[in-house]
1. With a Förster radius of 30 Å, plug the Cβ-Cβ distance of His84 and Glu153 into 1/(1 + (r/R0)^6) and report the FRET value to the nearest 0.05.
2. Suppose a student asked you for the relative contact order of the chain, using Cα pairs under 8 Å spaced at least 6 residues apart; what percent would you report?
3. Report relative contact order for the range 87-134 in percent, whole number only (criteria: Cα-Cα under 8 Å, sequence separation at least 6).
4. Which order do the peptides 46-58, 74-86, 116-128 come out in when sorted by mean C-beta neighbours inside 10 angstrom, highest first?
5. Given Ala82, Asn6, Ala60, which one lies farthest toward the positive end of the charge dipole of the chain, if we put +1 on the Cβ of every Lys and Arg and -1 on the Cβ of every Asp and Glu?
6. Projected onto the charge dipole of the range 1-140 (+1 at Lys/Arg Cβ, -1 at Asp/Glu Cβ, origin at the Cα centre), which of Leu99, Val117, Ala28 gives the Cα projection farthest towards the positive end?
7. Which whole-number percent gives the relative contact order of the range 1-71, counting Cα pairs below 8 Å spaced six or more residues apart?
8. Modelled label-to-label distance, Asp132 and Glu46, 7 Å Cα→beta-carbon offset: nm?
Amino acid sequence: MTMEINNIETIIDRHGKDEKALIQAMLAVQEEFHYLPEEALKLLSEKLNVPMIRIYQVAAFYKVFSLEPRGKHIITVCKGTACHVRGSNMLVDQVDRVLKIKPGETTKDLEFTLEEVNCLGCCAIGPVMTVDNKYYGNMSVSKVERMINKYIEKEVVAND
């Protein structure tokens, strides 16, 4: 965890050692680790002089924060009325078939997390899903696996 502690120290130095920097520091930790590890929160508490209860209150209040490990890539499927009528349930089922995860779950390799949301605000191009905040409109079951494979292939190329 030494390298991780150094990363957290760098984040704190970048955002300042003041309670006002708490949310920005938490966002940076979330971006670095894809969730808020307990060790990181303890270090934030110590360095920013913020009680742990306050940090957990912030983490619980804002949906962007996760206390559980999440995937490197977040897949979000819109469940709003327009998307639902156009088959968003089938998209969720297809992601489950391809990645073997249900909504709220993360793949064992920590590459993908599947989430559902009430609305993504782009009903005209539904059903809609996002991967890492990139929007994919007019999605169909046949497009889901190709889209996921693009992200898997990017990881293979990046690791070569």
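1. Approximately 0.50, to the nearest 0.05.
2. So the answer I get is 18 percent.
3. Normalised by residue count, the contact order of the range 87-134 is 26 percent.
4. On the way: 46-58: 14.2, 74-86: 19.3, 116-128: 16.7.
Put in order of decreasing packing, that is 74-86, 116-128, 46-58.
5. The listed residue farthest towards the positive side: Ala82.
6. Farthest towards the positive pole: Val117.
7. After rounding, I find 34 percent.
8. Rounded to a tenth, the inter-label distance reads 3.3 nm.
The values are calculated or read from the model by the stated rules, or taken from the named source; none is laboratory data. Remember, predicted model here, so these are calculated numbers, not experimental data. Please note: Cβ atoms are built from the backbone with ideal geometry, for glycine as well, and neighbour counts cover all protein chains shown. Just the protein is used for accessible areas: all its heavy atoms, side chains included, with ligands, DNA and RNA removed. Shrake-Rupley method; radii C 1.70, N 1.55, O 1.52, S 1.80 Å.
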